[in-house]
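> Take this structure first; my questions come after.
The values are calculated or read from the model by the stated rules, or taken from the named source; none is laboratory data. Because the structure is a prediction, the values reported are computed rather than measured. Don't worry about glycine lacking a Cβ; one is built from the backbone with ideal geometry, like all the others, and counts go over all protein chains shown.
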Amino acid sequence: KEISFDTMQQELQIGAEDVEAFVIDAVRTKMVNLAIDQTQRKVVVSHSTHRTFGKQQWQQLHDTLCSWKQNLASVKSSLQTLSPSA
């Protein structure tokens, strides 16, 4: 996900000069992995961890696990086609 410096400034209600410091502090918490693109004035988030695990996070986990289960079933089926004893 990409977030512009301007959006961060507006949403966090901080000054333009404080955006980079906020981003650095966020990385230090190890709750987010990101890269700063200073030329385009944006942050590219590669991974984030939620502090709370609510209904939405449980649903997302459920959906991810179901997808994995389907993918593994497909792999198993493919392997059985190649080798019936698998």
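> Which residue pairs have Cβ atoms under 6 Å apart, sit 6 or more places apart or on different chains, and have a first residue in region 15-30 that is without any contact (Cβ under 8 Å) to a residue 24 or more places away in the chain and a second that is surrounded by 10 or more Cβ atoms within 10 Å (Cβ to Cβ) and part of a helix (DSSP H, G or I)?
Correct list of pairs: Ala16/Gln9; Val19/Phe5; Val19/Met8; Val19/Gln9.
> Ok, one more. Would you be able to tell me the number of residues in region 8-17 that are part of a helix (DSSP H, G or I) and either loosely packed, with under 14 Cβ neighbours inside 10 Å or modelled with pLDDT under 90 (or both)? I'd like the intermediate steps shown before the answer.
Taking region 8-17 and keeping what is part of a helix (DSSP H, G or I), we get 8-12, 16-17.
So of that shortlist, the ones also either loosely packed, with under 14 Cβ neighbours inside 10 Å or modelled with pLDDT under 90 (or both) come out as 10-12, 16-17.
Number satisfying all stated conditions: 5.
> Would you please name the residue that is modelled with the lowest pLDDT, looking only at residues in region 53-86 that are more than 30 Å from Met31 (Cβ to Cβ) and of a type in the set (A, V, I, L, M, F, W, C)?
Filtering first and then ranking leaves Ala86.
> Further question on the same structure: For region 21-71, enumerate the residues that are surrounded by 13 or more Cβ atoms within 10 Å (Cβ to Cβ) and either of a type in the set (Lys, Arg) or in contact with a Pro (Cβ under 9 Å, 6 or more places away or on another chain) (or both).
Arg41, Lys42
> Given the conditions (1) touching a residue at least 24 places away in the same chain (Cβ under 8 Å); (2) surrounded by 10 or more Cβ atoms within 10 Å (Cβ to Cβ), which single one is not true for Lys1?
Only one criterion in (1) touching a residue at least 24 places away in the same chain (Cβ under 8 Å); (2) surrounded by 10 or more Cβ atoms within 10 Å (Cβ to Cβ) is unmet by Lys1, namely (2).
> Hey, can you tell me all the residues within region 62-86 that are of a type in the set (A, V, I, L, M, F, W, C) and over 28 Å from the mean Cα position of the chain (by Cα)? Step through it out loud before you land on a result.
Going through region 62-86, the residues of a type in the set (A, V, I, L, M, F, W, C) turn out to be 65-66, 68, 72-73, 75, 79, 82, 86.
Within region 62-86, Leu79, Leu82, Ala86 meet the criteria.
> Go through (1) among the basic types (Lys, Arg); (2) within 14 Å of the chain's Cα centre (by Cα); (3) part of a helix (DSSP H, G or I) for Arg51 and report which single condition fails.
Of everything listed in (1) among the basic types (Lys, Arg); (2) within 14 Å of the chain's Cα centre (by Cα); (3) part of a helix (DSSP H, G or I), Arg51 misses just condition (3).
> Just give me the residues in region 26-35 being over 17 Å from Lys1 (Cα atoms) and modelled with pLDDT of 90 or more, in sequence order.
Arg28
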